[in-house]
1. Determine which single condition Q119 fails, assuming it passes every other condition in (1) assigned to a loop (DSSP other than H, G, I, E, B); (2) open to solvent by 60 Å² or more (accessible area, probe 1.4 Å); (3) touching a residue at least 60 places away in the same chain (Cβ under 8 Å).
2. Would you check if V64 is at pLDDT below 95 and hydrophobic (A, V, I, L, M, F, W, C)?
3. Within the group R45, R3, R19, R38, which residue is in contact with a Gly (Cβ under 6 Å, 6 or more places away or on another chain), among the basic types (K, R) and within 29 Å of S124 (Cβ to Cβ)?
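The values are calculated or read from the model by the stated rules, or taken from the named source; none is laboratory data. Here the structure is a predicted model, which is why all the values come from computation and not from measurement. Cβ atoms come from the backbone with ideal geometry, glycine included; neighbour counts cover every protein chain shown. Areas reflect the complete protein model, heavy atoms only, side chains present, ligands, DNA and RNA absent. Shrake-Rupley method; radii C 1.70, N 1.55, O 1.52, S 1.80 Å.
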Amino acid sequence: QVRLEESGGGLVEAGGSLRLSCVSSGITFGRYDMAWFREDPGKEREFVSAIRATGGRTYYSDSVKGRFTITRGDTTNSVFLQMNSLKPEDTAVYYCAADERVHQYYNSRFYDFWGQGTQVTVSS
């Protein structure tokens, strides 16, 4: 059974930092592209960042580029999202996603597996 479990969310003031973690089980982690998406109530799920299994290439949405960093730990079956200079508009539930050689890394429809999400709230 595949499981993705996020942690690290919380309440932080604008300008602060958080580090999200996602631990996977039930998949051969080193073969999976990993991503973070976020969702605010009333809005569509939004791409945040992705990292390829092969080569480790990373991708970011324009809204987080330069502030967020995605990394993966293949020995711990984990993916991380370091979030710096947080803004109130970063407030959302953040989801970890996994897919083996995802076709469109920015499109949530192409990811097979999802975590339950972790809430990030940034106060102004």
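1. (1)
2. Criteria not met by V64.
3. R19
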